[in-house]
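Have a look at the structure below, then the notes.
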Amino acid sequence: SPISSLKREMRNLSDECSLEPVTVSMAYVYFEKLVLQGKLNKQNRKLCAGACVLLAAKISSDLRKHEVKHLIDKLEERFRFNRRDLIGFEFTVLVALELALYLPENQVLPHYRRLTQQS
């Protein structure tokens, strides 16, 4: 399905950018919350996935400015969207998630376990 292939892309991109499995797990949870809210459509699903990765990376990692830029470059390249659209959409996703970026452990752990067992 398009959703699972996007999640696979999110994981591959996170590997390329050396993001921790917990960061990818958080991005998955954000993404799934958007799916369950019915916020995804064919036009915005790649932007949603990219914004979820970016938000998770910002909240869970102490990224330096050049690392954030590298991540945005990779997101732009992988998902084929404009960085300006991504930055604008990041706020849209943040609002849809009701600013709740810190997640309870029980939401993140299942994804984390699956990711660490796969690698």
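The values are calculated or read from the model by the stated rules, or taken from the named source; none is laboratory data. Computed from a predicted structure; not experimentally measured. A quick note on method: Cβ atoms are made from the backbone with ideal geometry, for glycine too, and the neighbour counts reach across all protein chains shown. With ligands, DNA and RNA removed, areas are computed over all heavy atoms of the protein, side chains included. Shrake-Rupley method; radii C 1.70, N 1.55, O 1.52, S 1.80 Å.
Give, as residue ranges, the helices (runs of 4 or more DSSP H) completely inside region 13-109 that count at least 2 residues that are in contact (Cβ under 8 Å) with a residue 60 or more places away in the chain.
Details: elements: 21-36, 45-60, 65-79, 83-96.
Answer list for region 13-109: 21-36, 65-79, 83-96.
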query = Would it be correct to say that residue 39 is under 14 Å from the mean Cα position of the chain (by Cα), open to solvent by 40 Å² or more (accessible area, probe 1.4 Å) and not acidic (Asp, Glu)?
reply = no
request  = Would you mention how many residues in region 83-109 are over 14 Å from residue 39 (Cβ atoms) and either open to solvent by 50 Å² or more (accessible area, probe 1.4 Å) or in contact with a Ser or Thr (Cβ under 7 Å, 6 or more places away or on another chain) (or both)?
outcome  = 12
ask   = Can you name every residue in region 50-62 that is under 15 Å from the mean Cα position of the chain (by Cα) and either open to solvent by 40 Å² or more (accessible area, probe 1.4 Å) or over 18 Å from residue 101 (Cβ atoms) (or both)?
value = 58, 59, 60
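Yes or no, residue by residue, for (1) open to solvent by 60 Å² or more (accessible area, probe 1.4 Å); (2) farther than 18 Å from residue 8 by Cβ:
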{"residue": "20", "(1), (2)": "yes, no"}
{"residue": "48", "(1), (2)": "no, no"}
{"residue": "64", "(1), (2)": "yes, yes"}
{"residue": "68", "(1), (2)": "no, yes"}
{"residue": "71", "(1), (2)": "no, no"}
request  = Those residues that are among the charged types (D, E, K, R) and crowded, with 19+ Cβ neighbours inside 10 Å, I need them from region 1-18; list them, please.
outcome  = 7, 11
